[in-house]
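One structure is given here, and the rest of the page talks about it.
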Amino acid sequence: YYEAKSGKDAVLWLKRQWEEMTKGRNDINVELVSHNWTQPSLILTWKGTDFPQEVFILGGHIDSINHNTDETDFIAPGADDNASGIATLTEVLRVLVNQSFSPRRTLKFMAYAAEEVGLLGSHEIASKAKKNKLNVKGVLQFDMTNFMGPDWNIVLIDDYTNKPQNEFLAELIDRYVKVPWGYGRCGYACSDHASWTNEGYPASFPFEAKMRYSNHHIHTDHDTLANMGGTTSPATNFAKLGIAFVIGVQN
Ligand code: BES
Ligand code: ZN
């Protein structure tokens, strides 16, 4: 909940995790982005060694919501929507940091506030990036990565996204993740990738399932790990894809 203390506390908690994972590194910095509502966004910047002005972004929203109530702070575990995406980002970061990898181009990991009420955090961040002429070369959105659909493990959303970058991701899935995938569509600006697309940046949104097979417990108090079979293994495909993307764009 973007106006709740718990919404803010979640971001402060993640900040401590990311700082702990990257402590002692002078090429990585973690900072809050405040907005004119309670929940801040969080941005980790990992400075590129060769082309620091070129930026790749991996992001997901950190707010959750329960649509079965009008309260502004209620039970909204959001395990899939979108703790899964935040955990996926964190895993990509953890693996890369532990491999003594240094990106040639700058990486930014972003946890956006207030997505569930209209992509508010990502909209502010993307429009500020545009205003500051930030050279964003590519954006990946992780939003719902841990619910296994009946057929494809990864669905590349083909609206409000960038076709060449989607095709690059498809190639990475075939070569490195090696799971069944296909194309699907939201039909509307359904997550933060749309904020970047609207500013003219290339964005992609690899999603957990075809729309009709996706997790029906989202936006309720039933969006829990138990209701995803108690396992986090579906999300590992997305972490692998995120890592392949980061490595793949350094050449
Ligand atoms: N993760 C959802 C988007 C989603 C849901 C994509 C199901 C694919 C299948 C996201 O957090 C969300 O709920 N978005 C809002 C839109 C936003 C503009 C308020 C939505 O879909 O209602
Ligand atoms: Zn949602």
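Nothing in this text is a laboratory measurement; each read-out follows from the coordinates by a stated rule. Computed from a predicted model, the values in this text were never measured in an experiment. Because the Cβ atoms are built from the backbone with ideal geometry, glycine has one as well, and the counts that use them run over all protein chains shown.
Within the listed set Q17, Q99, Q39, the Gaussian network model of the chain (springs between alpha-carbon atoms below 10 Å) gives the highest mean-square fluctuation for Q99. Note on segment 145-251: the alpha carbon radius of gyration divided by the globular reference 2.2 N^0.38 Å gives 1.07.
Computed per residue of the chain from DSSP H runs no shorter than four, each worth -39500 (n - 2.57), the mean residue ellipticity at 222 nm is -9500 deg cm²/dmol. GNM remark for the chain: springs join alpha carbons under 10 Å apart, and the peak mean-square fluctuation among I65, I86, I125 falls on I125.
Considering only L96, L241, L42, the Gaussian network model of the chain with Cα springs below 10 Å gives its largest mean-square fluctuation to L96. Show which lysines lie in cross-link reach of K137 when reach means a straight Cα distance below 17 angstrom and same-chain residues fewer than eight apart are skipped. Within reach: K47, K108, K128, K163. Kirkwood Rh over alpha-carbon pairs of the chain, then Stokes-Einstein at 4 °C and 1.567 mPa s: what D in µm² s⁻¹, rounded to an integer? Translational diffusion coefficient: 72 µm²/s. Taking a point 7 Å from the Cα of S6 along the Cα-to-Cβ direction, the residues of segment 37-72 with backbone N closer than 11 Å to it are 64-66, 72.
Evaluate the charge dipole of the chain about its Cα centre and quote only its size in Debye, nearest 20, assuming +1 on the Cβ of each Lys and Arg and -1 on the Cβ of each Asp and Glu.
Working: 23 positive and 30 negative charges, 221 e Å.
Dipole about the Cα centre, nearest 20: 1060 debye.
Separation of segment 162-236 and segment 114-146, taken as the distance between their Cα centroids, equals 15 angstrom. For segment 26-147, the residue among H35, L120, L96 whose Cα projects farthest onto the positive side of the dipole built from Cβ charges is L96. Where does the Debye-calculated log10 I(q)/I(0) of segment 168-226 sit at q = 0.15, 0.20, 0.26 Å⁻¹, using only Cα point scatterers of equal weight, no solvent? Evaluating at q = 0.15, 0.20, 0.26 Å⁻¹ gives log10 I(q)/I(0) of -0.63, -0.98, -1.13. Pull out a ≥ b ≥ c, the square roots of the eigenvalues of the alpha-carbon gyration tensor of segment 89-186, then state rounded if a/c is under 1.5, prolate if not and a/b is larger than b/c, and oblate in the remaining case. Note, shape of segment 89-186 comes out oblate.
Around the amide H of I157, modelled in the peptide plane, lie the amide H atoms of G184, F205, F207, all under 5 Å away and 5 or more residues distant in sequence or on another chain. The alpha-carbon of K178 sits under 13 angstrom from the alpha-carbon of none of the aspartates and glutamates, leaving out residues fewer than 8 places away in its chain.
Does segment 1-112 come out rounded, prolate or oblate by the C-alpha gyration tensor, with a ≥ b ≥ c the root eigenvalues, rounded set by a/c under 1.5 and, if not, prolate when a/b is larger than b/c and oblate if not? Don't skip to the answer; put the middle values down first.
Numbers: a/c = 2.43, a/b = 2.14, b/c = 1.13.
Since a/c reaches 1.5 and a/b is larger than b/c, the shape of segment 1-112 is classed as prolate.
Please list, by residue number, every one of the chymotrypsin sites (Phe, Trp or Tyr not before Pro) in segment 126-201 that is coil in DSSP and has at most 13 other beta-carbon atoms within 10 Å.
Details: sites: F142, F147, W152, Y160, F168, Y176, W181, Y183, Y188, W196; in loops: F142, F147, W152, Y160, Y188.
Filter output for segment 126-201: Y188.
Out of the GluC sites (Glu not before Pro) in segment 69-148, which ones are loop residues according to DSSP with at most 14 other C-beta atoms within 10 Å?
Details: sites: E71, E91, E115, E116, E124; in loops: E71, E115, E116.
Passing both the DSSP loop test and the Cβ count: E71.
Residue separation of E20 and S127 scaled by 0.36 nm, minus their Cα-Cα distance, works out to 35.6 nm of gained length.
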